[in-house]
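The values are calculated or read from the model by the stated rules, or taken from the named source; none is laboratory data. Remember, it's a predicted structure, so these values are computed and weren't measured experimentally. Note: ideal-geometry Cβ built from the backbone for every residue, glycine included; neighbour counts use all protein chains shown. For accessibility, only protein heavy atoms count, side chains too; no ligands or nucleic acids. Shrake-Rupley method; radii C 1.70, N 1.55, O 1.52, S 1.80 Å.
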Amino acid sequence: MIEQLHKDGFRIMLWICPFVSPDSPEFRELQQKGYLIKRKGTNEAAIIPWWNGYSACYDLSNPAAAEHLKQQLRATQEKYGVDGFKFDAGDIGHYNDPSLEFYDKSATSVDMCEYWAKIGLDFPYNEYRAGWKMGGQALVQRLGDKDYSWNAMGLLIPDMIAAGLLGYAYTCPDMIGGGQFGSFLGVDQTKLDQELIVRSCQVHALMPMMQFSVAPWRILDEKHLAICRNYAHLHEQMRAYILEQACRSALSGEPIIRHMEYAFPHQGFIDCKDQFMLGDKYLVAPVVTREHTRTVMLPKGEWKDDTGKKFRGPKTIEVNTPLERLPWFERIK
């Protein structure tokens, strides 16, 4: 299967976490070696609650435990041809219990999160959702899970801007439609707000990455699916430019997604949080409400919109935004 997917041009990443099922040979081996977080005052592995139940957890403050895990991952890559890993969990909340004892006696919950994040530095194809003090590192991040709502979608742009300013340039704006899986439980998929899914897709289209949550062909009718497909193609068309910005960010530390005030200081953008710059060339103004018009603030210079119409800034314009349209502007000079 992996060979065929590689032939089709895909890269394969496995979804993993630092937890270990207690009733397993792996658990017994790791406990014997002292590679698991312990219950304070004992020599027994702690059983920690997380979203998938109750499990033991690698103690990655122990260098030997960290190396053991990396060896397991490398062996998986060699055996199956896996390209990398999505390193999920590692959230600070999993390590807050004062009865936990770490190999590094001075470690706190945030340190444990950082230890988990550092594992990914050995694997160029990586993705994280939780991170601590890893700004400027070669790690792909995803925003924390958002629920399936218009309000949550409105947080994507300011959260992406904040992530970039903190040094997490290679960031994915959660998942299209919302990554909080619990918000989809019990929902009749035939009654999902298809307009919300489309607008969410448009927010992602000119971000560094776009990632679907629910498969769009399962929940969208042909009209709305076609719009999402078009914006996935737009993202693909921008691939070379986005990769160029990632390379520049690696050298300069500058964010890929930029606050308007960062890019154009003292032009009145300090409170602008529903449009952004992709690098220094493209201004993107997604629709994050149910409205089909929106206001766009253009900085000084000459701009060309997605229809080919030209504008000279500074200028504030009203833009018609039918569902099929994501307003974006190319900086001409």
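Summary table
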| item | result |
| --- | --- |
| Counted residues, the range 221-252 - those being free of Cβ contacts under 8 Å to residues at least 40 places away in the same chain and among the small types (Gly, Ala, Ser) | 4 |
| Test: residue in the range 75-85 that is in contact (Cβ under 8 Å) with a residue 24 or more places away in the chain and assigned to a strand (DSSP E or B) | yes |
| Inter-residue pairs, beta-carbon under 7 Å, first of a type in the set (Gly, Ala, Ser) and in the range 203-214, second assigned to a loop (DSSP other than H, G, I, E, B) and at pLDDT 95 or above, 6+ apart | Ala205/Leu326 |
| Unique residue being outside any loop (DSSP other than H, G, I, E, B) and more than 19 Å from the chain's Cα centre (by Cα) when the list is Ala246, Ala250, Ala226 | Ala226 |
| Residue satisfying all of: in the range 241-266; closer than 15 Å to Met209 by Cβ and aliphatic (A, V, I, L, M); surrounded by the fewest Cβ atoms within 10 Å (Cβ to Cβ) among these | Leu243 |
| Hits in the range 112-133 (condition: touching an Asp or Glu at 6+ places or on another chain (Cβ under 6 Å) and in contact (Cβ under 8 Å) with a residue 60 or more places away in the chain) | Tyr125 |
| Yes/no for Glu302 being out of contact with any strand residue (DSSP E or B) (no Cβ under 8 Å at 6 or more places or on another chain), surrounded by fewer than 16 Cβ atoms within 10 Å (Cβ to Cβ) and among the acidic types (Asp, Glu) | no |
| Hits in the range 258-280 (condition: in contact with a His (Cβ under 9 Å, 6 or more places away or on another chain) and assigned to a loop (DSSP other than H, G, I, E, B)) | Phe269, Ile270, Cys272, Lys273 |
| Residue match in the range 205-220 (condition: among the basic types (Lys, Arg), open to solvent by 70 Å² or more (accessible area, probe 1.4 Å) and at pLDDT below 85) | no |
| Scan of the range 178-217 for residues that are within 30 Å of Arg248 (Cα to Cα) and either among the hydroxyl-bearing types (Ser, Thr, Tyr) or not in a helix (DSSP H, G or I) (or both), ordered by number | Gly178, Gly179, Ser200, Leu206, Met207, Pro208, Met209, Met210, Gln211, Phe212, Ser213 |
